Structures are given as C-alpha cells and as structure tokens.
Amino acid sequence: MTSLAHHFLTMAYNNAWANHRLLKACAQLSDAEFAAPRVSFFPSLRHTLNHNLTVDWFYVDMLERSLRGAPPNPDPGRFFEPEQPCGTCAELIPAQRAVDQRLIDLADGLTDAQLDGPVQVPRRAGTYVDTVSRILAHLFQHQIHHRGQAHAMLAGTAVVPPQLDEFFCSNEAALRAADFAELGFSEAQIWGAAPV
C-alpha cells in the first residue's frame, strides 16, 4: 500500500504533467490570443496562469521554509508583485516548470511523519500555523480549480484543450510517454520499479 507522503509525490508529478499539457496547448496561441479578454474568474488565460504561478511561488516557498525550520518569508507579497510576471506563454512555461520541479523535490523528501508538521502561513492579518498535509492539499486543489478555468477559456479558441482529467492509471503509461519524455519523467520515478 502506498503511503500518504508518496501519494502527495504522485500529486506533484501529476500537477507538473497537467501544467505541461495545458501550457503546451496555450503555446499554440498568439501572444494577443493568450492575453485576450475571456470569461472566467480572471479575465484572460495569461492572468489565470500567472495567478497559478505566483500562488505556487508563495506556497512552495512557505513549505520549503517550514520544512527546514526557517521563519516565514518576511515579504510574502513580493510573489504577487507584479500580479502577472510573465507577459507571454513562452515566458510562463519555464517559470512554471521550475516551480513544479521544486514542488516535486519537496514532496520527494517528505515522510508520513512530516505531513502533520507545522507550516507558518503568513497572511495580512498575521501568521497562523497549519500542517504540511493541509497546505499541500490546498495547493493542489487551487491549481486544479484554475487549470479547469483555463481549460474552459482555451475551448473558446482554435486550439483543442488537452485532456487534463487523467491521473496515472497503470494501463495508460503509453499514452503519457511522449509528455514524460519531454518532462524527463519516468514511471519508475513515480511508482518505483513498475507501475502499481
């Protein structure tokens, strides 16, 4: 039976895979189409996907600091200034991939015992303490929510939205092999010697 810590690692890999598929599709749009006004919580693909990036920066930094016993970031607002740090999809792709890898590396070092460990969460009203497992679950839920919005916005363009509702079913390894090759992932990295 897989541990909860390992489950979070698989979620981190799946998060990176989904971001890769979505951004690869968005890269087919012109810069103007990527920034064009659309109907959703944030008013464009560029705004939505920049939001995912900055929120990742905020939470991954918070988790890294807490896991090494460091104090909270003294200036957490810096992750959101500017609100859209990447003006194009081409700029966003390497930035998202880098923070996705940081999240994978963080999750790869976790043990089940660490999941109940404290996370110092800086907020405008002050810092509160949560747990590693709750913050990770929150972060993955946040990303899934906004990727879904971006997916719907992409459907309003000439680019066919990629399938993002898959996890890592063992009988579908061949279907993700090309994406894994582009990402440098392997089934063995995620599951061990053979898919479970």
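The values are calculated or read from the model by the stated rules, or taken from the named source; none is laboratory data. Since the structure is predicted, the reported quantities are computational estimates derived from the model, not experimental observations. Here the Cβ is made from the backbone with ideal geometry for all residues, glycine too, and neighbour counts use every protein chain on show. Note: areas computed on protein heavy atoms with side chains; ligands, DNA, RNA excluded. Shrake-Rupley method; radii C 1.70, N 1.55, O 1.52, S 1.80 Å.
Where helices (runs of 4 or more DSSP H) sit wholly within the stretch 31-127, those with at least 3 residues that are open to solvent by less than 60 Å² (accessible area, probe 1.4 Å) occupy 45-67, 89-108. When LEU22, LEU9 are checked against the criterion of being closer than 13 Å to GLN96 by Cβ, of a type outside the set (D, E, K, R) and in contact with a Leu (Cβ under 9 Å, 6 or more places away or on another chain), a single residue qualifies: LEU22.
A Cβ distance below 9 Å, combined with a sequence gap of six or more or placement on separate chains, defines the contacts here; from the stretch 31-45, residues that are free of Cβ contacts under 8 Å to residues at least 60 places away in the same chain reach residues that are part of a helix (DSSP H, G or I) and open to solvent by 20 Å² or more (accessible area, probe 1.4 Å) in the pairs ASP31/ARG46; ASP31/ALA90; PHE34/ARG46; ALA35/ARG46; ALA35/HIS47; ALA36/ARG46. Under the condition of being among the polar types (S, T, N, Q) and loosely packed, with under 14 Cβ neighbours inside 10 Å, the residues counted in the stretch 128-164 number 2. Here the condition is being out of contact with any strand residue (DSSP E or B) (no Cβ under 6 Å at 6 or more places or on another chain), open to solvent by less than 30 Å² (accessible area, probe 1.4 Å) and either within 30 Å of PHE58 (Cα to Cα) or in contact (Cβ under 8 Å) with a residue 60 or more places away in the chain (or both); of PHE167, PHE180, it holds for PHE180 alone.
Does ALA181 satisfy the condition of being at pLDDT 95 or above and within 22 Å of THR48 (Cα to Cα)? No: the conditions fail for ALA181.
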